Structures are given as structure tokens and as C-alpha cells.
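Data first, discussion second: the structure below is written as C-alpha cells.
Here, each number is a calculation from the coordinates, and none is a lab measurement. Not measured: the values here are computed from a predicted model. Reconstructed Cβ throughout: ideal geometry from the backbone, glycine too, with neighbour counts over all protein chains shown.
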Amino acid sequence: YFFCSYPEVELETVTVNVTIQDFVADVVSELFFRNTQQVSKETMFIFPVDSDTVVHTFYATMGDTRIEAMLWEKEEAQQLCKATSGMENLRYLQDQWDLQGPVFACFLGTLPPNREVVISLCYVQELPLQPDGAAQFCWPHDLFPQRKFFNWISSEEEMPENLHFNVCLKSAHGVSRVAINSSYTPLQYTAPDQTSAEISLKSSPWLQDNLNLLVYYRGPHILSAVVESRDPKAPPGSLLGDPVVMVTLMPSIPEVVPNPGQLGEFLFLMDRSLFQDAQVPPEELPHLSSARASICPQNTLLFLLKSLPLGCYFNIYSFGATFNAFYPQSVEYTQENMDNAVGRISSICPDLGGCDLLGVLRSIYCTPHLHGHPRQLFIFIQRKISSEEEAVMAEVYRYRDYHRCFCFPTNRCDSFNLSQAMALETKGECVCIHSRMDMTSEVM
């Protein structure tokens, strides 16, 4: 994404070259922005990243000025971030925009009238595997040139002059086909054995969709290794200074249909600060519908409780300066126990004091496991865990093989990195909940 104080800084031209080798994408992009107004604009560049994306090259050219990003060690980067003025603007931006999770951000300063800034962004990304075996690559809709009215009604056979989006596909297994939610040139093979191919976009996706590219390879996925040689210009020991080997493992694991004796244990951990200004009268809870406020924690708990499978076990914990549990230990999911839990949801009171997540986890880990019921924690958190992050991670690491954590930090949460680490350590997931999103649907 590109942000300025006003929307008059337009993305005029985009050049993107993507090389996809099996399940890794190497992206080289050049973006031309122009201030179309007669007044200067404060600007910054923002690009969403996740644990599977690494930005290795970034620089912006504005007239004779060149701004270049440097790679830092994590601890040094965090200290620099805290000492950099303007970071509060980025936090405000994340609150106002649909920015979920970590972002790559660069403050570019003032862009004069009718002047352009050229941004070069290069990154590598591990691509997710889809259920049908395809590798999925996405490109944000906001990083396509804006379509003018006459572009919408013109023939799709005409290649836009301001969009140059080329994709090179490589795989030792052979490239079978692609599926894209936009018009593109026919798949053209560049090797006789069809191990490499090329395509180009004819236009950006319609409406407000992100580009969604699915790549299908020939035959079943087998063990493979790809060697990436070092960059001779990079110093040894740096990110690009050493050769890298990527090994792709695709084990065939048959699906196992769980029997009633293997249903899980579901534990819901709720930060009581989420209940501030979100209280629902007890008499309305049984009739609560999705039409209520999307981030209402009572709404989310209600839908979760009503969606659990019969025969599983569950418990609900709320934490603030202290923590409480609905039951001393998990109870079986029955109609009676569910009705009882629904009636107790309204007793959760807002607490803006401490954040005793550590105490909750230690209490849970001390509770004996239920044989045949895999333990799963759903953690909703809005506040920072103060100075106990290392202790929390130590507990999670100690019991990482006995449970999974599904973490849902809000967009204002200062503990996103902790939430993400907990999820990764236990092979769970971490989803950032934005105030404009439907918390219930994200959790489901």
C-alpha cells in the first residue's frame, strides 16, 4: 500500500517481474507515484508482510534524493523503531486502515507538486499450498494503477501501457496450468520439457480484488531441493551473501476421521479489556445475532459455544489483573453445560488493569490432560503482557507438544509478535482482529 496525507498521490505505472519456482516467489517491482496536486504532500510507503515474506531490497528515488532501506538484526531494528519519531503515525494508520499484522513501512518525507517518487521493492516469499495442490501467489489491489473509466470499457485485448506484470514459472516437475482472477496472455512454455513457462497480465483484477494466481504442477509432489547461489555483491554472512538450499517435502498423510473418543478440548482465553463498552444484557444473549457489533466478545463466545461438536470438552477463562475460570476443569459439551456457560458470559466484567496471561497458562498446564481429547487454546488479547513475555514463551515452549494455540490479537495489541510466536511454536495460527472485521467469522 502507499499512503499520503491526501489521496492525490496516484500510482501511475507498475512494473513487476515475478519468478515462481515451486513454492517460492522472487518478486522485483518498480512503482511510479505522482503528486497530482499543487501542494506538497507528506508520504510514506507501507507494504504488509508476514512470517513467510522477507523484503531484501527497498529504495525510493525522489528527484536527486535516494532513500534506501537496510537490513538490521531484529533487536537492533526494534530499538531503532522505538527511537524513531513518526512511529505513532504508523500506529494510527494501522488503527484506521485494514492493516493486519506486521508491515514494512518507510517514511519518504514531502513530495513536491507534480513530482514523482519511484519505489523499488524486492522480496522473497514462501507460497502457501492450496488443498488442490496449487501454489498461491497474491499481489495487493492497491499496488495496481488506478483504472480510468475508458479503461473499463476498452477491449481486454489491449495491453495497458502503465502495467507491466510478468510471471516466470519454473519447476522440475513441469508446469501444468495456471488460474488467475484477471485477463492474461496464454501460458507460453520456454523449455521443451515444459519445466518453465511465462505469462503476462493484460489488466488488473476487477473491482477491489487482490491478484490471485494459482500455479499447478505436473504429477505428484516429490522430494526436491533447489540451490540458490550467493549474490557476489553481498558480503559473506549476510542474507544474500551465502548460498541457500531449499528442500521441499510433500508427505502423503491420509486423512483420519476422528471418532467421538478423539474430540478435542477447547479452551477460550478472553482478555477482559475486550469487554469494555461491549456489555450485552444477559436476557439478550440467547437471542444474540450476527447483526450486533462485529467485535463484540460476547457474540464471539456465544457462536463458538454453539459451534462445538458434541462429546468434546470445553472451558472459558477471563484474565485481567487476575484470572477466573468458568469451571475448575474442562466439562463435557452437553446442552445443559452449554446453557450454563451462556448464562455466565454476562458475568465477565471489563478489567483495564494488568494482563495475567502467564497465570492463566500456568493454571491450564497444571490441569491434567483428557486422554483422547487434543487440547486447543483460543486466545483473545488486546493488551501488552508487560515484562512477562519471556516467561510466557518459556511455558508455551515447555508444553508445545501437548497443545495448540490459536491467537487473535486486536489491531491495537502491542503483543502481536508474542501471539504469533505462541502460534508458531505450537503449530497453531495467529490472526489479527481489526475493528472493522467480523471477529466471529475470523475465528470460525
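See the values below:
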| quantity | calculated |
| --- | --- |
| Net charge, D231 excluded, C-beta distance under 14 Å - Lys, Arg +1, Asp, Glu -1 | -1 |
| Amide H contacts under 5 Å for I433, placed H, 5+ residues apart | T410, N411 |
| Length released on extending from S387 to D132, taking residue separation times 0.36 nm less the Cα-Cα span | 87.4 nm |
| Distant-in-sequence amide H partners of H56 (H built 1.01 Å from N, under 5 Å) | C122, Y123, V124 |
| Ranking of E161, E198 by count of other Cβ atoms within 10 Å, fewest first | E161, E198 |
| Long-range amide H partners of V24 with built H, under 5 Å | L127 |
| J(HN,Hα) series, the range 217-231, from Karplus relation 6.51 cos²θ - 1.76 cosθ + 1.60, nearest Hz, glycine and proline x | 9, 7, x, x, 6, 10, 4, 9, 9, 10, 9, 9, 5, 6, 7 |
| Isotropic mean projected area of the C-alpha convex hull, the range 166-210 (nm²) | 3.2 nm² |
| W206, W139 arranged by Cβ crowding within 10 Å, fewest neighbours leading | W206, W139 |
| Whole-Hz couplings from phi, Karplus 6.51/-1.76/1.60, listed for the range 36-43; x for Gly and Pro | 8, 9, 9, 10, 6, 10, 6, 10 |
| Net charge contributed by nearby residues that have their C-beta within less than 13 Å of G241 (K/R +1, D/E -1) | -1 |
| From phi via Karplus (6.51, -1.76, 1.60), per-residue ³J(HN,Hα) for the range 415-425 in Hz, x at Gly/Pro | 10, 4, 4, 5, 4, 5, 5, 4, 5, 5, 5 |
